[in-house]
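First comes the structure, then the notes that go with it.
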Amino acid sequence: MGSIGVLLVSHQVIPYLEQELNKRYNLFRLWDFPQKSQLLTQHGASIRAVVGDAFAGADSDLIEALPKLEIVSSFSVGVDKIDLGKCKEKGIRVTNTPDVLTDEVADLAIGLMLTLLRRICECDRYVRGGNWKHGDYKLTTKFSGKTVGIIGLGRIGAAIAKRAEGFNCPISYYSRTQKQESKYKYYPSVVELASNCDILVVACPLTEETHHIINREVINALGPKGFLINIGRGKHVDEPELVFALLEGRLGGAGLDVFENEPHVPEELFGLENVVLLPHVGSATVETRTAMADLVLGNLEAHFLGKPLLTPLV
Ligand SMILES: O=CC(=O)O
């Protein structure tokens, strides 16, 4: 398979994946070419696969520029950086990395809830800053038993629900349609869900419909005692509205793993103690990233050997 051209469009994938791709295929790294047009003119006709991730995928222009493209394999579960419509139209296969990262992301969501409500980062800074000698840290907020509202009850949403149940949290959810098999309380709108929970978690895919699903109305419905957790995508949240609400005390707090313009985070948030800010690390452990890389490699191998894809999306 060494002659098959594969284009890696993100420099953020783990070295193991890059090395394995390089061993198996004729690998082009997008960042090796100062001009994208130069890469496309020189090698575009030999590229049969694109590998991307949560940060870079295959938009319509790239797909159009690669006449031999057969498959886009993403080192991520979210595929919002891939033009799925264009892929369908052109018969280009698309794969992602579901399941192998579900536990990891759900664990982090619970970690964010605990860290936010119990102010674990602040407490750590308090001790490191030598403040404990001068007095105890102030009282925080109990997590067990809080009502958790989840937007999107897919694999990750359901795994978060299961974990939160272990903390005796009543669970409710919003999704486009009610899940008949679910025992959790369903709300047909995000505003209703937000009005009826203490902690609102964004766990749905980013699509045109879910872009800014967290807007001013939802934030106000969650209110000054409510907490927002986002382990989805930054663009699920109207970020300026979130920042205003936090600065004005209209929202109790936020635990965010993702932001609208990563790696840029609104600096107004840096001074707030009721926020926890993470650098998009939902699946970022050695174990999970390795399993994700193996899925990308497995999907490419299956495709080029004419076997069924392991995790086909399109
Ligand atoms: O954000 C990470 C992913 O989509 O896997």
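We did not get these values from a lab; they are worked out from the coordinates using the rules stated. None of these values were measured; they are calculated from a predicted model. A quick note on method: Cβ atoms are made from the backbone with ideal geometry, for glycine too, and the neighbour counts reach across all protein chains shown.
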Next on the checklist: Step by step: first the residues of the stretch 213-230, then only those that are touching a strand residue (DSSP E or B) at 6+ places or on another chain (Cβ under 7 Å) and not in a helix (DSSP H, G or I), then the one that is nearest to VAL258 (Cα to Cα). Which residue is that?
Outcome noted: ASN230
Checklist entry - For the stretch 273-294, what are the residues that are in a loop (DSSP other than H, G, I, E, B) and either crowded, with 19+ Cβ neighbours inside 10 Å or away from the ligand (no atom under 12 Å from the Cβ) (or both)? => result GLU273, ASN274, LEU278, GLY282, SER283, THR285
Item to check | Every pair of residues 6+ apart whose Cβ atoms lie under 9 Å, when the first sits in the stretch 71-94 and is in contact (Cβ under 8 Å) with a residue 40 or more places away in the chain while the second is within 14 Å of the ligand (Cβ to nearest atom) and basic (Lys, Arg) | outcome: SER74/LYS81; PHE75/ARG289; VAL77/ARG155; GLY78/ARG233; ASP80/ARG233; ASP80/LYS235
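Conditions tested, residue by residue: (1) surrounded by fewer than 14 Cβ atoms within 10 Å (Cβ to Cβ); (2) β-branched (Val, Ile, Thr); (3) on the phi > 0 side of the Ramachandran plot.
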| position | (1), (2), (3) |
| --- | --- |
| CYS123 | no, no, no |
| LYS133 | yes, no, no |
| THR141 | no, yes, no |
| SER144 | yes, no, no |
| VAL148 | no, yes, no |
| GLY157 | no, no, no |
| SER175 | no, no, no |
| TYR184 | no, no, no |
Item to check | Residues that are in a loop (DSSP other than H, G, I, E, B) and touching a helix residue (DSSP H, G or I) at 6+ places or on another chain (Cβ under 7 Å), drawn from the stretch 170-200 | outcome: TYR184, TYR187
Checklist outcome for this item: Residue set LEU17, LEU40, LEU62, LEU69; condition under 24 Å from ASN261 (Cα atoms) and not β-branched (Val, Ile, Thr); output residue LEU62
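Scan the stretch 114-122 and give yes if some residue there is in contact with an Asp or Glu (Cβ under 6 Å, 6 or more places away or on another chain) and more than 16 Å from the ligand (Cβ to nearest atom), otherwise no.
So the first thing to find is which residues in the stretch 114-122 are in contact with an Asp or Glu (Cβ under 6 Å, 6 or more places away or on another chain), and the list is 122.
Adding the requirement that they be more than 16 Å from the ligand (Cβ to nearest atom) leaves 122.
Yes, the conditions are met somewhere in the stretch 114-122.
Anything in the stretch 78-103 that is within 12 Å of the ligand (Cβ to nearest atom) and either surrounded by 21 or more Cβ atoms within 10 Å (Cβ to Cβ) or part of a loop (DSSP other than H, G, I, E, B) (or both)? List them, or say none.
Narrowing the stretch 78-103 to residues within 12 Å of the ligand (Cβ to nearest atom): 78-82, 96-102.
Listed by number, the residues that qualify are GLY78, VAL79, ASP80, LYS81, ILE82, ASN96, THR97, PRO98, ASP99, VAL100, LEU101.
Could you please give the count of residues in the stretch 257-283 that are touching a helix residue (DSSP H, G or I) at 6+ places or on another chain (Cβ under 8 Å) and either under 21 Å from ALA56 (Cα atoms) or not polar (S, T, N, Q) (or both)?
Quick first cut of the stretch 257-283, residues touching a helix residue (DSSP H, G or I) at 6+ places or on another chain (Cβ under 8 Å) only: 257-262, 266, 268-269, 272-278, 281-283.
Then keep just the ones that are either under 21 Å from ALA56 (Cα atoms) or not polar (S, T, N, Q) (or both); that gives 257-262, 266, 268-269, 272-273, 275-278, 281-283.
The qualifying residues number 18.
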Next on the checklist: Filter the stretch 63-77 down to the residues that are part of a loop (DSSP other than H, G, I, E, B) and surrounded by fewer than 22 Cβ atoms within 10 Å (Cβ to Cβ) and list them by number.
Outcome noted: PRO67, LYS68, GLU70
Checklist entry - In the list LEU246, LEU269, which residue meets the criterion of being touching a strand residue (DSSP E or B) at 6+ places or on another chain (Cβ under 6 Å) and without any contact (Cβ under 8 Å) to a residue 40 or more places away in the chain? => result LEU269
Item to check | The lone exception for ARG48 - which of (1) more than 21 Å from the chain's Cα centre (by Cα); (2) outside any strand (DSSP E or B); (3) over 24 Å from ASN261 (Cα atoms) it fails | outcome: (2)
Checklist entry - Can we say ILE160 is farther than 28 Å from SER60 by Cβ, among the β-branched types (Val, Ile, Thr), assigned to a strand (DSSP E or B) and under 15 Å from the mean Cα position of the chain (by Cα)? => result no
Checklist entry - Restricting the first residue to the stretch 50-62 and requiring it to be buried (at least 23 other Cβ atoms within 10 Å of the Cβ), which pairs with a second residue that is of a type in the set (Asp, Glu) meet a Cβ separation below 7 Å and a spacing of at least six or different chains? => result ALA58/ASP83
